[in-house]
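No value in this document is a laboratory result; all are computed from the given coordinates. Quick caveat, the model's predicted, so the values are computed rather than measured. Cβ sites come from the backbone with ideal geometry, for glycine too, and all protein chains shown count toward neighbours.
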Amino acid sequence: MAFEIESLQKAKCTEVLVLSQKNRDPGDNPGVALSFSMMLGNDALSYFDGSLKSFLYTKAGGSAKQSDLAGVEPVSDMPNLTAAGMKLGKLSWDQEYTGYSLVIDQGIGGASNVELDDCKLSGFTIDPKEGGSFMLTFKAEAPDASEKTFGKLAHMKNTEVSILLTAPVVEPDMVS
């Protein structure tokens, strides 16, 4: 299972950087590196490793049991941090994903959205929180950002945006 954000998810765009190779042609668009931070439910840890959730979270960790509220969906079936989850703090996750599509929703329709293709995702940090969620930070690099796209992105630094991340479609090898 590949890491994806299949429905619009709020994220803070914490950094916008121009990536320009020394050997690029003058007419070529530079790349862009975007850093994001977002809060996710601990079920999303399965994208990284199937045992990560049970390593960091438990059903009953502390003496303070949070009661359920009527009409409010619980964040997780395992809301409490384990002893390891409490002591480890932020975890660096050394994984790189390539070929992703990133859509940053501008809130006024498809044509206004910023779409970047062939993105490389890296620099993951997982910061588990009590209550069944974790803060995920990561970097998305795209090799080609037009002036118009980069202009939109520059205004997003340190703002909350809604994003979608789609993994590349991998065709199974053809056996002849």
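Taking label points 7 Å from Cα along the Cα-to-Cβ direction, Ser46 and Ser7 give a separation of 1.5 nm. Each of Lys90 and Arg24 was given a label point 7 Å from its Cα along the Cα-to-Cβ line. The distance between the two points is 2.8 nm. The structure-derived value of Cα extents along the principal axes in Å appears in the list (1) 51, 33, 29; (2) 63, 48, 30; (3) 43, 36, 30 under the label (2). Among Ser46, Ser112, Ser101, the largest mean-square fluctuation in a Gaussian network model of the chain, built with springs joining Cα atoms closer than 10 Å, belongs to Ser112.
Past 24 Å, Cα to Cα, is the threshold; run Lys10/Lys139; Lys59/Lys139; Lys90/Lys152; Lys90/Lys120 against it and keep the listed order.
Numbers: Lys10/Lys139 15 Å; Lys59/Lys139 31 Å; Lys90/Lys152 31 Å; Lys90/Lys120 22 Å.
Pairs exceeding the cut-off: Lys59/Lys139; Lys90/Lys152.
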